[in-house]
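The values are calculated or read from the model by the stated rules, or taken from the named source; none is laboratory data. This is a predicted model, so every value here is computed, not measured. Because the Cβ atoms are built from the backbone with ideal geometry, glycine has one as well, and the counts that use them run over all protein chains shown. Quick note on the areas: whole protein, heavy atoms, side chains included, nothing else; ligands and nucleic acids left out. Shrake-Rupley method; radii C 1.70, N 1.55, O 1.52, S 1.80 Å.
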Amino acid sequence: MTDVNTKITQLRNTEWNGKRIVVFLHGDYDFLCKVFGLSGPQGTYPCLWCLTTKKQLQESTEKEPRTFAFLKSAFEKFKIESGEDKRKAAQYHNCIHEPLIDIELHKVSPPYLHILLGVVLKHHRMLEQAADRIDKQIYEDKNPDRADNSRLLSNLGNNWQKWMQKQKEIAFLEGCVAFGEAESSSQTWMEQLENAQEELETISHTPLTSRSGPVCSQLDAVLDKHAITPQSYHSRSFTGNHCNKYLHPEVFKDITASIVRTTCEWTSNPFIVDDANEIKLNFDLLNEAYALVHNDISHTYPIAPVSLSSIKTNIDSYMATYRRMFKKKVIPKQHILESHCLPFIQEHKIGFGLVGE
Ligand SMILES: [Zn+2]
């Protein structure tokens, strides 16, 4: 990497029209951790910009910053004292390789695309878990006066979809029998109808598993409606475009409204319906709070100092909403958003669209 570092130094010393060139580094978080020699987001000290521990990032308190010189000296100690024993990485603040590129960390852009993908996916996974809980409540509801659909889910578990499909087939065949013109074809329809009715009787119970109930399983169809199709070959994750669409109020509110709508179709139990309404309310607040932050910083325009306090308020408000809903679930990407995005904007006065990966 000597060549690269020499060229970076040359660039830094280059002037154009009386202006000195500033060299930034950006990339996704795994790349940045590799470049600067850190273990990565799973380490005890997961943050490139400060010395927070995984445990401490649940709180919003400020931590001692890292510097390029610190990364170098921590790695030297790791090399000499531990003999590069990775089991002792935490004793050296997870600095396990020599930093490759000589750029001060305040010129390294927080990976906003990575943060966006992580945050929106985290919200959606939490929403799926909440929808799953509603399905489980409907499935386990033993009230003798419960709605027919609720009874169906209790009786059939995962096989509720098979039963619904068979019912549709029967309705179609009944139509064919009623309106079939030729005598011979009418008999064929009748045979098929009788077979389908027999098959319906044989559908039995299998326990309800995760993401298989009606409330959770319809979420993918709503995403699809908004052209958000999670990549199944990539752990059902989102792309940047998916996240942009997701954060439009008409999209995330449609997704949460579908939870209430489907719950009401499947149960009349007021406690379960209340839970569904509360999920909608909370996730709408959460997505609204994050969408404000996203709109503030995910663009290519200059950011004036006068806007900084409103950006800080929006980030703090989002994190407070998140922590209130999900205790001890802050991920390193949210810590970077909370602690390191604003100082970068404050120093460089631009949105992350210009310096993001
Ligand atoms: Zn940090």
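Too long at a 20 Å Cα-Cα cut-off: which of LYS107/LYS329; LYS54/LYS86; LYS34/LYS63; LYS54/LYS328; LYS280/LYS327?
In this structure, LYS107/LYS329; LYS34/LYS63 exceed 20 Å between Cα atoms.
Pop a pseudo-label 7 angstrom from the Cα along the beta-carbon direction at both HIS205 and PHE172 and give the gap in nm to one decimal.
The two pseudo-label positions are separated by 3.0 nm.
Using only Cα atoms, what Kirkwood radius does segment 229-357 have, in angstroms?
16.6
Can you give the three extents of the C-alpha atoms in segment 205-296 along their principal axes, from longest to shortest, in whole Å?
Computed over the Cα atoms, the extents are 45, 31, 18 Å.
Just reorder HIS226, HIS97, HIS335 by solvent-accessible area, largest first, 1.4 Å probe, all chains present.
Most to least solvent-accessible, the answer reads HIS97, HIS226, HIS335.
Explain nothing, just the number: dipole magnitude of segment 212-293 about its Cα centre with +1 on each Lys and Arg Cβ and -1 on each Asp and Glu Cβ, in debye rounded to the nearest 20.
Computed charge dipole of segment 212-293: roughly 260 debye.
If you scale each eigenvalue of the Cα gyration tensor by 5 and take the root, what three semi-axes come out for segment 84-124, rounded to whole angstrom and sorted largest first?
Semi-axes, largest first: 27, 18, 7 Å.
Using the beta-carbon distance between GLU76 and MET325 and R0 = 45 Å, what value does 1/(1 + (r/R0)^6) give for FRET efficiency, to the nearest 0.05?
It comes to 0.60.
Using modelled amide H (1.01 Å from N, peptide plane; none on Pro or chain starts), what sits under 5 Å from the amide H of ILE350, excluding residues fewer than 5 places away?
When sequence neighbours closer than 5 places are left aside, the close amide H contacts are ILE303.
log10 I(q)/I(0), Debye, Cα-only segment 1-156, no solvent, q = 0.15, 0.19 Å⁻¹?
The Debye formula, applied to the Cα set alone, gives -0.88, -1.19.
So how far, in whole Å, is the C-alpha centre of segment 30-78 from the one of segment 283-333?
23
Taking only the alpha carbons of segment 66-154, what extent do you get along each of the three principal axes, in Å, biggest first?
71, 30, 15
Report, largest value first, the span of the C-alpha coordinates of segment 166-321 along each principal axis, in whole Å.
Between the extreme Cα coordinates on each principal axis of segment 166-321 lie 82, 37, 28 Å.
Once neighbouring chains are kept in place and the probe is 1.4 Å, which whole percent of the accessible area of the chain is contributed by carbon and sulfur?
Summing carbon and sulfur atoms, their accessible area is 54 percent of the total for the chain.
For the chain, what is Rg from Cα atoms divided by 2.2 N^0.38 Å, rounded to two decimals?
1.34
With every protein chain kept in place and ligands, DNA and RNA left out, what is the accessible area per residue of the chain? Probe 1.4 Å, answer in Å².
Per residue, the chain has an accessible area of 53 Å².
As I understand it, the dipole of the chain uses +1 on the Cβ of Lys and Arg and -1 on the Cβ of Asp and Glu, about the Cα centre. Which of GLN58, ILE96, ASN314 lies farthest toward its positive end?
After comparing all options, I get ILE96.
For a distance above 17 Å, tell me the whole-number percent of Cα pairs in segment 262-304 that qualify.
Of all Cα-Cα distances in segment 262-304, 52 percent exceed 17 Å.
Sequence-distant or interchain residues sharing an amide H contact under 5 Å with LEU25, placed H: which?
HN-HN under 5 Å from LEU25: VAL108, SER109.
Any of LYS122/LYS333; LYS136/LYS166; LYS122/LYS245 with alpha carbons more than 18 Å apart? Name them for me.
Over 18 Å apart, Cα to Cα: LYS136/LYS166.
7 Å from Cα along Cα→Cβ at both LYS142 and LEU51: what's the point-to-point distance in nm?
5.6
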